[in-house]
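Please read the structure below before turning to the comments.
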Amino acid sequence: MKRLKVVIIILVIALIANAVLCLFKVIDSKIGMSISLLMLGVLNIIYAYNSFKNEKKMDAILFLMSSIFVIFVGLYTMYLYKSVG
């Protein structure tokens, strides 16, 4: 359980850092958005695992479905920006 909290904290800090870098135009916001979506998808998978472990199966299914959608959108936007630019 403590390892999950550490991983969640690290991912949230990385998301905040990514948002700040995009805000100040250090990295391209198109790439930063795709990276943020992928990190949010991983974070939702961790939440799904945690919910499943705590016997909240409906929450786990919803988290897993949302993570699959968010990761798909992140990969799709990454593909679109790579093929256009």
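The values are calculated or read from the model by the stated rules, or taken from the named source; none is laboratory data. A quick note: this is a predicted structure, and the numbers were derived from the prediction, not measured. Positions of Cβ are generated from backbone atoms using ideal geometry, with glycine treated the same way; all protein chains shown enter the neighbour counts. The protein model used for the area step is the full one, side chains on, heavy atoms only, and it has no ligands, DNA or RNA in it. Shrake-Rupley method; radii C 1.70, N 1.55, O 1.52, S 1.80 Å.
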Within the stretch 23-50, take every residue that is open to solvent by less than 70 Å² (accessible area, probe 1.4 Å) and without any contact (Cβ under 8 Å) to a residue 12 or more places away in the chain and give me the one that is farthest from Lys82 (Cα to Cα). Ile27
Of the numbered conditions (1) within 29 Å of Met1 (Cα to Cα); (2) outside any helix (DSSP H, G or I), Val26 satisfies every one except a single condition; which is it? (1)
I'd like the residue in the stretch 51-85 that is farther than 24 Å from Ala14 by Cα and open to solvent by less than 80 Å² (accessible area, probe 1.4 Å) and, out of all such residues, is nearest to the chain's Cα centre (by Cα). Asp59
